[in-house]
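Structure record follows, encoded as structure tokens.
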Amino acid sequence: MQMTSAELTDLMIDSAQNAVTTTEEEFNLTLDGSDESIDLVDDVILSWLGRYKDQALEANAVFTICNIYGAYVGEIFRNKIGGNWTYDESDPDAPYVVLNYAGATYAFAGICYQRLVNDSQISVRSYFDQALANNLQ
């Protein structure tokens, strides 16, 4: 079943709110929807590893962590300059959600995945800043 654009947007807004709620409950930190709060996202993603070790790298946990924080960062971007969420099914075995804006797509959940699973030096904040810079010139 394919979601409508409105349903997908609602899902991403709800997922972003889940990031806010979960971060408050798990780490007693407040994500306030500001650009500055993206620095906290970088920290919180690694905090999941610190608190839950290998459990944070189980498939369901990775999926949830990356999607809620990707939605959170994407919603900050969308509220700041625009865009629309779309479902990329170019690989039917691994569909994912991206934010489209001005002919480019931004995989905010993907950058969260890279930081959590592959390289703790990768910065969600830097990715966000570059996405903004690409569109504010």
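When all C-alpha to C-alpha distances in segment 60-118 are sorted into bins of 10 Å, what percent of pairs does each bin hold, rounded to whole numbers?
Each 10 Å bin holds this share of Cα pairs: 24, 54, 21, 1.
Near the amide H of V97, under 5 Å away, which other amide H atoms are found, from residues 5 or more places off or on another chain, if H is placed in the peptide plane?
Hits under the 5 Å cutoff: D88.
In deg cm²/dmol, rounded to 500, what helix-only [θ] at 222 nm does the chain give when every DSSP H run of at least 4 residues adds -39500 (n - 2.57) and the total is split over its residues?
-19500 deg cm²/dmol
Enter the accessible area of S120 (Å², nearest 10), with the probe set to 1.4 Å and all protein chains included.
Its heavy atoms expose roughly 60 Å² to the probe.
Tally Lys and Arg at +1 and Asp and Glu at -1 over the other residues with C-beta under 15 Å from the C-beta of D10: what net charge comes out?
-2
Heavy atoms only, 1.4 Å probe, whole protein assembly: order K53, K80 by accessible area, highest first.
These residues rank, largest area first, as K53, K80.
What percentage of the solvent-accessible surface of segment 1-63, computed with a 1.4 Å probe over protein heavy atoms, is contributed by carbon and sulfur atoms?
Carbon-and-sulfur percentage of accessible area, whole number: 52.
Leaving out ligands and nucleic acids, and using a 1.4 Å probe, what accessible area per residue does the chain come to in Å²?
Value for the chain: 55 Å² per residue.
Calculate the dipole size of the chain relative to its Cα centre from +1 charges on Lys and Arg beta carbons and -1 charges on Asp and Glu beta carbons; express the result in debye to the nearest 20.
220
Express in Å², to the nearest 10, the accessible area of V20 obtained by rolling a 1.4 Å probe over the protein heavy atoms while all chains stay in place.
40
The values are calculated or read from the model by the stated rules, or taken from the named source; none is laboratory data. The model shown is predicted, which means the values in this text are computed figures rather than measured ones. Cβ atoms come from the backbone with ideal geometry, glycine included; neighbour counts cover every protein chain shown. For the accessible areas, the whole protein counts, side chains as well, though only heavy atoms, and no ligand, DNA or RNA atoms are used. Shrake-Rupley method; radii C 1.70, N 1.55, O 1.52, S 1.80 Å.
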